[in-house]
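Enquirer: Below are the structure tokens for one structure; questions will follow.
The values are calculated or read from the model by the stated rules, or taken from the named source; none is laboratory data. This structure is a prediction, so every number in the text was calculated from the model and none was measured. Ideal geometry is used to build each Cβ from the backbone, glycine not excepted, and the neighbour counts take in all protein chains shown. For accessibility, only protein heavy atoms count, side chains too; no ligands or nucleic acids. Shrake-Rupley method; radii C 1.70, N 1.55, O 1.52, S 1.80 Å.
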Amino acid sequence: MWLLLRPEVTAADIEPALRVRGWPYEVRQLGGRAIVVVQANGQAPAEAASWREVERVIMEGEEHPTLVYAAEGTYSLGNWRRGDSLLWIAGPCSVESRSQLLSTARALRDLGVTALRGGAFKARTSPYSFQGLGEKAIDLLLEAKAETGLPLCVEVLSEKHLPRYENIDILQIGARNMDHYELLKAAGAMHKPVLLKRNPQATLTEFLFAAEYLLLYGAPVVILCERGIRTYERRLRYTLDVGGIAVLRSEVGLPVIADPSHAAGEAAYVEALSLAAIGAGAEGLIVEVHPDPPAAKSDARQQLTFEAFAHLKAKADRLWATLHDTATPALNAKGVS
Ligand code: PEP
Ligand code: MN
């Protein structure tokens, strides 16, 4: 069984009670709260449920995600504090070269993004497509971080690569791996923030269960990312589920962001989907940006130039500020946008 402790309680508060009963246990941290995994006999759940430190006893066979609902709170990542501004993660689909990555990282730092993205090991539909620079990409990303100070958000394709992600700040679980449960357990056990993409075939409940795995196994926060689902509509690459964003925002305490790049599949529609996502309540965006999009080795059609990204960012920040009723920093004194 798992014991979700009340927010003000630490695991140390119940450890004497666990020890005295001889129940083996392990403590995990969920944001500011503790979850205690206990191996105990059949009487234990009823007894533990009556302890005032315990908010909820979660039993084997539980059919609803619990921790994703409990994980409310103030989160911060790099220069982003939840509620103060949009969370911006941007960068190329794939890391292709040192100059490509460093020029992008510098431009994005100057535009005030929160974190740099860049694919190292790529999940491509065709085995003949560019598979990413792998380990070399991780080295380049760490170099970009050292120079710009930008935290890194990098997709993890396999548990066996995780040791190389020690200095990566946000682990990204891609859409194709949302329900790769062993990867979720291993990624959670890195105790790092995770950006979880929704599988295009997954319901919101399945999506939340994937987040539950990550939280249960040790991720301090999971950023839920809507990136388009598969519908009968074929004109754009996927259908961005803006309704799903609204539902997640109203029901769940975890941060919710959108990926307009993979949803649209075409640079021309990235702005419209970004603004729609913000209107539905998205707290941030992950956007693909490349110094020369037509030359990109993956997702060339959907990546934005620096200039297009700067335009999008200014507009999206303004929309977010207007919707959240804060000062609109990008408006000049004459109110001209
Ligand atoms: C990506 O962000 O690089 C990516 C492959 O996206 P998704 O997993 O959403 O397809
Ligand atoms: Mn991509």
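Enquirer: For the range 199-292, please list each of the strands (runs of 3 or more DSSP E) lying entirely inside it that holds at least 1 residues being out of contact with any Gly (no Cβ under 6 Å at 6 or more places or on another chain) and of a type in the set (Gly, Ala, Ser).
Expert: Where strands (runs of 3 or more DSSP E) fall fully within the range 199-292 and carry at least 1 residues being out of contact with any Gly (no Cβ under 6 Å at 6 or more places or on another chain) and of a type in the set (Gly, Ala, Ser), they are 256-258, 284-288.
Enquirer: Please enumerate the residues belonging to the range 274-297 that are within 15 Å of ligand 2 (Cβ to nearest atom) and crowded, with 24+ Cβ neighbours inside 10 Å.
Expert: Matches in the range 274-297: 285, 286, 287, 288, 289, 290.
Enquirer: Still on this structure: Can you name the number of the only condition in (1) touching a strand residue (DSSP E or B) at 6+ places or on another chain (Cβ under 6 Å); (2) under 20 Å from residue 123 (Cβ atoms) that residue 288 fails?
Expert: Failing condition for residue 288: (1).
Enquirer: Mind counting the residues in the range 72-131 that are surrounded by fewer than 21 Cβ atoms within 10 Å (Cβ to Cβ), of a type in the set (S, T, N, Q) and away from ligand 2 (no atom under 16 Å from the Cβ)?
Expert: Final tally of qualifying residues: 7.
Enquirer: Where residues in the range 60-74 are in contact with a Gly (Cβ under 6 Å, 6 or more places away or on another chain) and of a type in the set (Gly, Ala, Ser), which of them is nearest to residue 29 (Cα to Cα)? Please lay out each step first, then the result.
Expert: Applying the first criterion (in contact with a Gly (Cβ under 6 Å, 6 or more places away or on another chain)) to the range 60-74 yields 71-73.
Checking which are of a type in the set (Gly, Ala, Ser) leaves us with 71, 73.
On the way: 71: 11, 73: 14 Å.
Result: 71.
Enquirer: Count, please, the residues in the range 173-198 that happen to be part of a loop (DSSP other than H, G, I, E, B) and open to solvent by less than 20 Å² (accessible area, probe 1.4 Å).
Expert: 3
Enquirer: Residues 231, 239: which one is without any contact (Cβ under 8 Å) to a residue 12 or more places away in the chain, within 16 Å of ligand 1 (Cβ to nearest atom) and over 20 Å from residue 155 (Cα atoms)?
Expert: 231
Enquirer: I've got another one for you. Go over the candidates 55, 63, 15, 8 one by one and state the one that is touching a strand residue (DSSP E or B) at 6+ places or on another chain (Cβ under 7 Å) and open to solvent by 30 Å² or more (accessible area, probe 1.4 Å).
Expert: Testing whether each residue is touching a strand residue (DSSP E or B) at 6+ places or on another chain (Cβ under 7 Å) and open to solvent by 30 Å² or more (accessible area, probe 1.4 Å) leaves just 55.
Enquirer: What is the residue count in the range 240-252 for residues that are crowded, with 17+ Cβ neighbours inside 10 Å and of a type outside the set (D, E, K, R)?
Expert: Number of matching residues: 6.
Enquirer: Is there a residue being aromatic (Phe, Trp, Tyr) and under 21 Å from residue 195 (Cβ atoms) anywhere in the range 123-141?
Expert: No; the residues of the range 123-141 include none that is aromatic (Phe, Trp, Tyr) and under 21 Å from residue 195 (Cβ atoms).
Enquirer: State which residue pairs qualify: first residue under 15 Å from residue 176 (Cβ atoms) and inside the range 110-125, second residue open to solvent by less than 10 Å² (accessible area, probe 1.4 Å) and of a type in the set (A, V, I, L, M, F, W, C) in any location, beta carbons under 7 Å apart, and separation of 6 or more residues or different chains.
Expert: 119/93; 119/95
Enquirer: Follow-up question, since we're still on this one. Within the range 293-316, work out how many residues are part of a helix (DSSP H, G or I) and in contact (Cβ under 8 Å) with a residue 60 or more places away in the chain.
Expert: So the answer is 5.
Enquirer: In addition: Select from the range 135-172 the residues that are farther than 21 Å from residue 103 by Cβ and open to solvent by less than 20 Å² (accessible area, probe 1.4 Å) and write down the one among them that is farthest from ligand 2 (Cβ to nearest atom).
Expert: 162
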